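Engineer: Have a look at this one.
The values are calculated or read from the model by the stated rules, or taken from the named source; none is laboratory data. As the structure is a prediction and not an experimental result, all values here were calculated from the model. Ideal geometry is used to build each Cβ from the backbone, glycine not excepted, and the neighbour counts take in all protein chains shown.
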Amino acid sequence: MADPRFFRAAGPFTVAELAHLTGAEIGGAGQSGLSIGDVAPLDVAGSAHVTFLANPKYAAAFGASKAGAAFVHPDQAHKAPAGMTLLLTANPYIAFARAARRFYPAPRSPAGIAPSAVVDPTAVLGEGVAIAPHVVIGARVEIGAGTSIGANSVIGDGCIIGRDCLIEANVTVSHCLMGDRVTLYPGVRVGQDGFGFAMDPSGHVKIPQLGRVRIGDDVEIGANSTVDRGAGPDTVIGAGSMIDNLVQIAHNVVLGRGCVMVAQSGISGSSRLGDFVTVGGQAGITGHLSLGDGVRVGGQSGVTRDVPAGGAVGGSPAVPILQWHRQTAVLNRMTRKKDQ
């Protein structure tokens with residue numbers, strides 16, 4: 001359960017309210033008026049908590065749970081302990097996530113501008129914007145209503161930031177057009193120069209990076225990740241994409257909608273990812289490639305060729321996932337024979 005020193009739960013909410021929020025049906029003990037004060041894991045939940053079962057591996061813990069209510073798939077409802085109120089849903093994890101967000105909405109700073117902040121007089125701030133201490137807002141910046149800018153962050157000249165965004169501490173944003181409800185975690189760098197230069201024995205010649213970064217609605221970018229601006233075309237992060245910590249996205253890269261990039265992964269310049277592409281941790285994608293919709297890239301893979309829509313690849317150099325598993329199995333057999 002959340003430490004109250006750092007997190008404060010909203011609520012309480014009744015089971016009926018949680019069912020309405022998530023679209024779940026009430027079952028089990030059926031106490032629609034039961035007051036739920038918090039979310040909790042299966043093993044520590046009590047009578048005033050709501051929990052969930054998404055993985056059948058935890059069915060035993062579910063059966064022993066003391067939670068007052070639980071999100072569960074109808075096929076698993078028979079495994080619930082007697083007296084538990086059930087919230088029946090096809091996707092318990094998503095339903096629980098929505099409930100947890102209701103109990104713990106993203107924190108927002110009080111509206112206003114800290115005395116130590118530096119805001120250019122040409123900047124336009126929407127209603128309810130919060131500017132923390134030592135923030136710098138450049139000329140001609142536009143910030144939408146309800147957005148919060150964390151301490152020591154810098155928003156460069158001409159940037160446009162949408163409504164209800166959360167930009168945390170020590171973030172820098174330049175050359176960027178940002179949608180609504182975007183979250184940039186501490187240390188994110190958006191819009192800096194891409195890694196572009198012409199190589200020459202007498203000295204490399206830097207190529208001006210004249211593009212922008214365009215970020216769609218509902219994007220999250222994790223701590224200390226970097227998104228370079230385009231060299232001419234823009235770098236684009238599609239709506240709903242989730243980018244983990246320590247990710248590098250190079251100039252001219254285009255991410256489609258709902259892409260997921262896990263920690264320490266990276267994409268070289270001018271590669272294009274379709275919608276709902278998933279890139280595992282520490283995976284790398286070389287430049288000028290195309291990955292179709294729904295592609296999955298295994299962790300620590302090195303992608304050097306285009307991948308068609310729906311494909312799954314792994315290894316370095318990356319190959320179709322089944323081929324990679326066969327190669328790994330063959331290598332294991334070879335090494336065991338050598339040891340014997």
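Engineer: Of the residues that sit in the stretch 232-242 and are at pLDDT 95 or above and of a type in the set (Gly, Ala, Ser), which one is surrounded by the most Cβ atoms within 10 Å (Cβ to Cβ)?
Structural biologist: Filtering first and then ranking leaves Ser241.
Engineer: Turning to a different aspect of this structure: In the stretch 107-131, which residue that is under 26 Å from the mean Cα position of the chain (by Cα) and part of a loop (DSSP other than H, G, I, E, B) is surrounded by the most Cβ atoms within 10 Å (Cβ to Cβ)?
Structural biologist: Filtering the stretch 107-131 for residues that are under 26 Å from the mean Cα position of the chain (by Cα) and part of a loop (DSSP other than H, G, I, E, B), the one surrounded by the most Cβ atoms within 10 Å (Cβ to Cβ) comes out as Val129.
Engineer: Only strands (runs of 3 or more DSSP E) wholly contained in the stretch 175-248 count here; list those with 3 or more residues that are hydrophobic (A, V, I, L, M, F, W, C) and touching a residue at least 60 places away in the same chain (Cβ under 8 Å). Break it down into steps so the answer makes sense when it comes.
Structural biologist: On the way: elements: 176-178, 213-215, 235-237.
In the stretch 175-248, no matching strands (runs of 3 or more DSSP E) lie anywhere.
Engineer: Show the residue pairs meeting these rules: Cβ distance below 6 Å; 6+ apart or different chains; first residue within the stretch 89-105 and among the β-branched types (Val, Ile, Thr); second residue modelled with pLDDT of 95 or more.
Structural biologist: Pairs found: Thr89/Ala24; Thr89/Phe71; Thr89/Ala95.
Engineer: While we're looking at this one, here's another question. For the stretch 65-80, name all the residues that are farther than 11 Å from Leu42 by Cβ and either out of contact with any strand residue (DSSP E or B) (no Cβ under 8 Å at 6 or more places or on another chain) or not assigned by TED's automatic domain parsing to the domain that holds Gly23 (or both).
Structural biologist: Asp75, His78
Engineer: Any residue at all in the stretch 81-99 that's within 17 Å of Ala24 (Cβ to Cβ) and basic (Lys, Arg)? Steps first, answer last, please.
Structural biologist: Within the stretch 81-99, the subset within 17 Å of Ala24 (Cβ to Cβ) is 84-99.
When the remaining residues are screened for being basic (Lys, Arg), the result is 98.
For the stretch 81-99, residues within 17 Å of Ala24 (Cβ to Cβ) and basic (Lys, Arg): present.
Engineer: Hey, does the stretch 113-125 have a residue that's touching a Gly at 6+ places or on another chain (Cβ under 9 Å), at pLDDT 95 or above and under 22 Å from Gly240 (Cβ atoms)?
Structural biologist: Checked against the condition, which is being touching a Gly at 6+ places or on another chain (Cβ under 9 Å), at pLDDT 95 or above and under 22 Å from Gly240 (Cβ atoms), the stretch 113-125 yields no hits at all.
Engineer: While we're looking at this one, here's another question. From (1) buried (at least 20 other Cβ atoms within 10 Å of the Cβ); (2) small (Gly, Ala, Ser); (3) over 27 Å from Asp180 (Cβ atoms); (4) in contact (Cβ under 8 Å) with a residue 24 or more places away in the chain, pick out the condition that doesn't hold for Ser301.
Structural biologist: Failing condition for Ser301: (4).
Engineer: Considering only residues of the stretch 257-278 that are farther than 21 Å from Gly211 by Cβ and assigned to a strand (DSSP E or B), which is nearest to the chain's Cα centre (by Cα)?
Structural biologist: It comes out as Val260.
Engineer: All but one of (1) assigned to a strand (DSSP E or B); (2) outside the structural domain of Asp217 (by TED's automatic domain parsing) hold for Asp164; which doesn't?
Structural biologist: Exception for Asp164: condition (1).
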